[in-house]
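The structure under discussion appears below in the form of structure tokens.
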Amino acid sequence: MKSFKILGLLLSYPTAELQQDMDDLIAVIRRENILPTKLEKQLITFMEQLAKRNLLTAQEDYVSLFDRGRGNSLYLFEHIHGESRDRGQAMVDLIDHYREKGLALNARELPDYLPLFLEFLSICAPSEAQETLGEVVHIIAAIGAKLKKRDSGYSVVFEALARLTDARIDEEFVRQALIEEAARDDSLEALDKEWDEAPAFDGIGDSACNTCAAAQPLEFGATQQSTGQLNRSGQ
């Protein structure tokens, strides 16, 4: 379903190309019609507003939401493994899962990046995509709840994703995420300290990164493939 990829594009860093192609993306969302009517209208309203926003302002807001601190990180394993060594093995396992579908990564993005993960789901059979999404729906629901508390329009994208799987959301996980968010120190000093911690793959070698770099058959990634390519290629 192309809608998965479009939702991933909406969660990527805003670009002029994304804004220019928004009408085409909205048309696909309407045509596939996989969301409840009310939620689809809310999503399309967000898309229309994003297309009209001042690009620099939209980019600044995006960075503020997703790139400052780990609370709303779009790297899925950040919310499960943090900086533990388990994250490295999880990365390798996910890369293998992608390769089973004949897809390979370049070295420019980690495999657990949510827009990339959604691009992968877009080429899976609908039932498989929904089941795979269900494995991380608690993370998606938690980020969405935090964004909704901030009155961010991006929350509707996460709500849409949560509705695309029948998997049960871990409400305790979401509740705990909201508690941690309320206690989070977002000062510049705290953010500097947070990102000064040891790197995620310290002590486990470069196996995950080398796996990504070695694979070149396909430029696979929502950050690499443009919205225009989506329309032309049909992926």
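The values are calculated or read from the model by the stated rules, or taken from the named source; none is laboratory data. What you see is a predicted model; the values in this text were computed from it and never measured. So basically every Cβ, Gly included, is an ideal-geometry build from the backbone, and we count neighbours across all protein chains shown. To get the accessible areas, we keep the full protein, side chains included, count just its heavy atoms, and leave off ligands, DNA and RNA. Shrake-Rupley method; radii C 1.70, N 1.55, O 1.52, S 1.80 Å.
Things worth noting here:
- Taking the numbered list (1) closer than 13 Å to VAL157 by Cβ; (2) surrounded by 14 or more Cβ atoms within 10 Å (Cβ to Cβ); (3) touching a residue at least 60 places away in the same chain (Cβ under 8 Å) in turn, GLN49 passes all entries but (2).
- Among the residues of segment 13-39, those that are within 23 Å of PHE66 (Cα to Cα) and not aliphatic (A, V, I, L, M) comprise TYR13, PRO14, THR15, GLU17, GLN19, GLN20, ASP21.
- Qualifying positions in segment 24-46 - of a type outside the set (Val, Ile, Thr) and in contact with an Asp or Glu (Cβ under 9 Å, 6 or more places away or on another chain): ARG30, ASN33, LEU39, GLN42, LEU43
- Picking from residues in segment 17-46 that are outside any helix (DSSP H, G or I) and in contact (Cβ under 8 Å) with a residue 24 or more places away in the chain, the one that is farthest from GLN130 (Cα to Cα) is ASP21.
- Only residues that are without any contact (Cβ under 8 Å) to a residue 24 or more places away in the chain, not in a loop (DSSP other than H, G, I, E, B) and not polar (S, T, N, Q) were counted in segment 124-139, giving 1.
- GLU78 modelled with pLDDT under 90 and under 23 Å from GLU159 (Cβ atoms): yes
- Only one of the listed residues (SER64, SER3, SER12) is assigned to a helix (DSSP H, G or I), buried (at least 20 other Cβ atoms within 10 Å of the Cβ) and hydroxyl-bearing (Ser, Thr, Tyr). That residue is SER3.
- Once segment 107-123 is narrowed to residues that are open to solvent by less than 10 Å² (accessible area, probe 1.4 Å) and part of a loop (DSSP other than H, G, I, E, B), the residue that is modelled with the lowest pLDDT is PRO111.
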